[in-house]
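Here's the structure, in structure tokens; my notes come after.
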Amino acid sequence: ETPTMPVPVTRPTTGPAAIEKQPTLLDQMGGPMGFVYSTVPVVVFVAANSFLSLPMTIGISIAVGLGLTGFRLLRRERFTSAVGSLLGVAVAAGLVAWTGSARDFFVIGIWASLAGFVVTLGSVLARRPVTGVVWNALHGGKHDWRADRTVLRAHDVATLAAALVFGSRFAIQQWLYLADSTGGLGVARIAMGTPLTVLAALVVVWAFRRSTKH
């Protein structure tokens, strides 16, 4: 499954709610297990494809997806998150079965990255960086945040960081896709998944806090 950008959640800094332990950025992204959940299906698919026929590879990938879903449900994780992970694997495997090409296991994530790049970069060019739009929506949608140059600049930086992540994912993985390098796609998906998402999310959190302060 393709890791996605988390939306930072602002919480009260005073009162009873502030006393409760607030989740860290890593917690909001699923913690260390979130990285495992996004990595295992990719590793299994690439490894199985190296030794087995394509139909067997597809079957093993779906079986692993079912196993991970069951495990997550036993851990009482959110049903939508657990099933969503399985759905991602099933759709990718179904596309591979339809086209007969192992590299198509990654095609949905590749084009999703392109869509993310277009949206984030386009929002900056339109002077409405998407992270600022989200921040304002979470705060009632009543702030004239674009009138504050400091806040607008912070969201320009945060949204461009997200655009850089999406753009680099698309460029590198599309190149590997055209080169028909399934193993390379697997490595790129893992290396450019959660690690880059965390880095971009840190910039977004910085922009949110800066906006709230101003």
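The values are calculated or read from the model by the stated rules, or taken from the named source; none is laboratory data. As the structure is a computational prediction, the values presented were derived from the model and not from experiment. Neighbour counts run over all protein chains shown; Cβ positions are idealised from the backbone, glycine included. Surface areas here come from the heavy atoms of the whole protein model, side chains and all, with no ligands, DNA or RNA. Shrake-Rupley method; radii C 1.70, N 1.55, O 1.52, S 1.80 Å.
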Could you identify the single residue in ARG153, ARG169, ARG209 that is among the basic types (Lys, Arg) and open to solvent by less than 60 Å² (accessible area, probe 1.4 Å)? ARG169
Looking at segment 102-129, which of its residues are open to solvent by less than 30 Å² (accessible area, probe 1.4 Å) and within 26 Å of ASN49 (Cβ to Cβ)? ALA102, ASP104, PHE105, PHE106, VAL107, GLY109, ILE110, SER113
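Let's see how each residue does on (1) free of Cβ contacts under 8 Å to residues at least 24 places away in the same chain; (2) open to solvent by 60 Å² or more (accessible area, probe 1.4 Å); (3) under 27 Å from ILE172 (Cβ atoms); (4) of a type in the set (Asp, Glu):
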position	(1), (2), (3), (4)
GLY59	yes, no, no, no
GLY65	no, no, yes, no
ARG76	yes, yes, no, no
GLY84	no, no, yes, no
Of the numbered conditions (1) on the phi > 0 side of the Ramachandran plot; (2) modelled with pLDDT of 95 or more; (3) small (Gly, Ala, Ser), GLY141 satisfies every one except a single condition; which is it? (2)
Restricting the search to segment 99-119, which residues are more than 17 Å from VAL44 (Cα to Cα) and not in a helix (DSSP H, G or I)? GLY100
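Which of the following residues is of a type outside the set (D, E, K, R) and over 28 Å from VAL36 (Cα atoms): LEU68, LEU125, LEU95, LEU73? Explain how you work it out, then say what you get.
Working: LEU68 fails: over 28 Å from VAL36 (Cα atoms); LEU95 fails: over 28 Å from VAL36 (Cα atoms); LEU73 fails: over 28 Å from VAL36 (Cα atoms).
Residue meeting the stated conditions: LEU125.
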Does any residue of segment 182-199 turn out to be touching a residue at least 24 places away in the same chain (Cβ under 8 Å), open to solvent by less than 30 Å² (accessible area, probe 1.4 Å) and farther than 20 Å from PRO41 by Cα? no
